[in-house]
Amino acid sequence: MIKTPKHKVYVTRELPDRGLSLILENFDAEVWREYIPPTKDQLKEHISDVEAIASNVADKVDGDLFDAAPKLRIVSQMAVGFDNIDVAEATRRGIYVTNTPEVLTETTADYAFALLLAVARRVVEADNYVRQGKWTVGWHPSFMQGRDVNGATIGIVGAGRIGYAVAKRAKGFNMKILYYDVAPRPEMERELNAKRVDLKTVFSEPDFVSVHVPLMIETRHLVNEEKLSLMKKTAYLINTSRGPVVDEKALFDALVHHKIAGAAIDVFEQEPTPSDNPLLKLENLVVAPHIASSSYETRQKMSELVAINLISYFKGEIPPNLVNKELINKNIKII
Ligand code: GLV
């Protein structure tokens, strides 16, 4: 029997073992094993003869990278978002792009809700207070009052899978649910009694505004000074989508001048955010280092999907999570 050589894959970070072992079994794979990501130049050195790249949100995958990988056929991204990839350029070159939706929906929604609760009920501030030895008076009626989540109104900006999953959690807290999306979500209205509103109202009426849009030209700085000024002084902003969806300077201004009550964000305009980012000085802000989908179980599933998308592509099938579906009809040779 003639053995055909395995396809060459470059894996830009050490993936959780479920996906990584599948990739190592099925491909001639090389893995960047360091914790610190490769620079663009380092990446380019490793991809000159690969047919596939397993990427993640911290890799800039663009025409420049494609130029360094003339045999590249597919980019399999470990994330639902793919704003780090120039998909239009990939499509122009006939390169497939896949992502890992669905498996991270509930986990990301859990984290958005954790942030919401943390900022409203001052969980992080309280933890610091006790640890720093500031808790010198046992109990006082007006001490560290937060705001109620139960019974409050939430505004969901972007009612896709994650927005919907956040709304389900809000329903459990007996919240009134408003949402803004370009398309109506009848099942969300039916099942959760959610109300579709315009972009102004989703900022102006709620006590909590949670953002769940992908980063695109249209959504860059969607949450800007104007939108923040629509919010109630007592309202909170939660962002688990992408940093650049929120104008950080405008957010700083809104928080420092108490134009809104607080914010909780998992994502920044620049990641990692510099330690001297003025936002980090504010007490009415809860921050996290882009980890909303980071549970053990979900990261395993995401890595497995990265592998499944690659395997299915090289079997000549349409990968289950193809992003640039317009390539399907282009009759491109995929093996
Ligand atoms: C993470 O940010 C993702 O897009 O999955």
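Throughout, read-outs are computed from the coordinates displayed, never taken from laboratory work. Predicted model, so just to flag it, every value in this text is computed and none were measured. Here Cβ is always computed from backbone atoms with ideal geometry, including for glycine, and neighbour counts include all displayed protein chains.
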Selection from segment 103-144 of residues charged (D, E, K, R) and closer than 14 Å to HIS212 by Cα yields GLU106, ASP110
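To keep it simple, each residue is scored yes or no on (1) in contact (Cβ under 8 Å) with a residue 12 or more places away in the chain; (2) of a type outside the set (Gly, Ala, Ser); (3) farther than 20 Å from VAL11 by Cβ; (4) buried (at least 23 other Cβ atoms within 10 Å of the Cβ).
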residue	(1), (2), (3), (4)
ALA79	yes, no, no, no
THR91	yes, yes, yes, no
GLY94	yes, no, yes, no
LEU116	yes, yes, yes, yes
ARG122	yes, yes, yes, no
ASP127	no, yes, yes, no
VAL130	no, yes, yes, no
Pick from segment 159-169 the residues that are closer than 14 Å to PRO206 by Cβ and in contact (Cβ under 8 Å) with a residue 40 or more places away in the chain: which of them is surrounded by the most Cβ atoms within 10 Å (Cβ to Cβ)?
VAL166
Filtering segment 96-113 down to residues that are of a type outside the set (A, V, I, L, M, F, W, C) and either surrounded by fewer than 17 Cβ atoms within 10 Å (Cβ to Cβ) or over 28 Å from GLY63 (Cβ atoms) (or both) yields GLU102, THR105, GLU106, THR107, THR108, ASP110, TYR111
Answer residue from segment 172-195, given it is under 12 Å from ILE156 (Cα atoms) and touching a helix residue (DSSP H, G or I) at 6+ places or on another chain (Cβ under 6 Å) and is surrounded by the most Cβ atoms within 10 Å (Cβ to Cβ) among those:
ALA194
Here's a check for you: in segment 272-290, which residue that is surrounded by 14 or more Cβ atoms within 10 Å (Cβ to Cβ) and within 12 Å of the ligand (Cβ to nearest atom) is farthest from the chain's Cα centre (by Cα)?
ALA288
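Of the residues VAL223, VAL202, VAL166, VAL149, which single one is on the phi < 0 side of the Ramachandran plot and in contact with a Gly (Cβ under 7 Å, 6 or more places away or on another chain)?
Among VAL223, VAL202, VAL166, VAL149, only VAL202 is on the phi < 0 side of the Ramachandran plot and in contact with a Gly (Cβ under 7 Å, 6 or more places away or on another chain).
One line per residue, one yes/no per condition, for (1) farther than 19 Å from PRO206 by Cβ; (2) surrounded by fewer than 24 Cβ atoms within 10 Å (Cβ to Cβ):
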site	(1), (2)
VAL223	no, no
ILE238	no, no
GLY243	yes, yes
ALA250	no, yes
VAL256	yes, yes
ALA264	no, no
For segment 9-50, which positions are touching a residue at least 60 places away in the same chain (Cβ under 8 Å) and in contact with a Lys or Arg (Cβ under 8 Å, 6 or more places away or on another chain)?
PRO16, ARG18, ASN26, PHE27
Of all residues in segment 295-319, which are assigned to a loop (DSSP other than H, G, I, E, B) and in contact (Cβ under 8 Å) with a residue 60 or more places away in the chain?
SER295, PRO319
